[in-house]
Amino acid sequence: MTWFEALILGILQGLTEFLPVSSSGHLTIAQEMLNLSTSAADNLQFIVTVHAATVMSTIVILWKEIAYLFRGTFCTRAWNDEKSYVLKIIISMIPVGIVGVFFKDEVEAIFGQGILVVGCCLLLTALLLTFAYYAKPRQKENISYRDAFIIGLSQAVAVLPGLSRSGTTIATGLLLGNKKESIAQFSFLMVLVPILGETLLDIAKSIGEPAAASGIGLLPLVVGFASAFLAGCFACKFMINLVKRGKLIYFAIYCAVAGVASIVFALV
């Protein structure tokens, strides 16, 4: 992988991580179109790197909300709304944590299946976004503990390439009757710890290994991280405002077209 290819993939990751169109799916499609032949381990290393960059962009854009939750959780002994919110985020992380610990090899194998799987999952994303757009459940004031766990389940399923994490979690939250503003913020905050944890585990595994063990190289990883971070900052802020206006149906149409095109490309 060259630094220019890493730049393209990093920008693509940063833009699509927050838009409900599946960043992992688009990375797979782009790698196929660029004819990049990397090993499964190197591919996963790059994905983890750019995902970590988008986590950092989330922290930058939602810094005030994160600081508010931090102060409310650690600067007072009394139980409050901030501690309750943090507990809901922790509950939402349980399903994806189980998948990461016990089914990591299976997930890595799926990422090597090519764009046929991506195309099918993009169609599922389109279907889910369509349901969320037309459903009119009663609006809840707050995300419940039960809803947090169900949204966490949807995040665990969304590890499949082509099934959008943000699209799946936001659509699930909307179908459960949560307000657009609440579910958008919750969706972006709940992914912080799982991806940071995955990044730390990946770094821990690489300690003691020769620098040449990676087939990607340091420069492409740095370029990919930087481009994903900058693109992610833009996309995160844009997506929060977009969810508030309820315009997810356009992304459903896009995912449907991209899904069909991916399947045709894979079969031809």
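The values are calculated or read from the model by the stated rules, or taken from the named source; none is laboratory data. Treat the numbers as computed from the prediction; the structure is a model and nothing was measured. Cβ sites come from the backbone with ideal geometry, for glycine too, and all protein chains shown count toward neighbours.
Quick rundown of the values:
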| quantity | calculated |
| --- | --- |
| Matching option when the condition is of a type outside the set (Asp, Glu), surrounded by fewer than 23 Cβ atoms within 10 Å (Cβ to Cβ), out of contact with any strand residue (DSSP E or B) (no Cβ under 9 Å at 6 or more places or on another chain) and at pLDDT 85 or above, among ALA171, ALA226, ALA211, ALA204 | ALA226 |
| Checklist (1) at pLDDT 80 or above; (2) of a type in the set (Val, Ile, Thr); (3) over 30 Å from VAL260 (Cβ atoms) applied to VAL101, failing item | (1) |
| Selection within the stretch 186-201 - surrounded by fewer than 16 Cβ atoms within 10 Å (Cβ to Cβ) and either modelled with pLDDT of 80 or more or not aliphatic (A, V, I, L, M) (or both) | GLY197 |
| Residue in the stretch 254-268 that is farther than 18 Å from ILE89 by Cα, modelled with pLDDT under 85 and either in contact with a Gly (Cβ under 7 Å, 6 or more places away or on another chain) or assigned to a loop (DSSP other than H, G, I, E, B) (or both) present | yes |
| Odd one out for PRO137, checked against (1) in contact with a strand residue (DSSP E or B) (Cβ under 9 Å, 6 or more places away or on another chain); (2) of a type outside the set (Gly, Ala, Ser); (3) modelled with pLDDT under 85; (4) assigned to a helix (DSSP H, G or I) | (4) |
| Given (1) exposed (fewer than 15 other Cβ atoms within 10 Å of the Cβ); (2) modelled with pLDDT under 85; (3) touching a helix residue (DSSP H, G or I) at 6+ places or on another chain (Cβ under 7 Å), index of the condition ILE249 fails | (2) |
| Residue selected from the stretch 19-66 under the condition hydrophobic (A, V, I, L, M, F, W, C) and modelled with pLDDT of 85 or more, by the criterion surrounded by the most Cβ atoms within 10 Å (Cβ to Cβ) | ALA53 |
| Failed criterion for ASN178 (all others in (1) in contact with a strand residue (DSSP E or B) (Cβ under 6 Å, 6 or more places away or on another chain); (2) under 16 Å from LEU127 (Cα atoms); (3) not hydroxyl-bearing (Ser, Thr, Tyr) hold) | (2) |
| Cross-chain or 6+ apart pairs with Cβ under 8 Å, the stretch 171-188 first and polar (S, T, N, Q), then surrounded by fewer than 20 Cβ atoms within 10 Å (Cβ to Cβ) and not in a helix (DSSP H, G or I) | ASN178/GLN139; ASN178/LYS140; SER182/ASN142; GLN185/LEU62 |
| Extreme residue, modelled with the highest pLDDT, among residues of the stretch 1-18 that are within 23 Å of LYS237 (Cβ to Cβ) and β-branched (Val, Ile, Thr) | ILE11 |
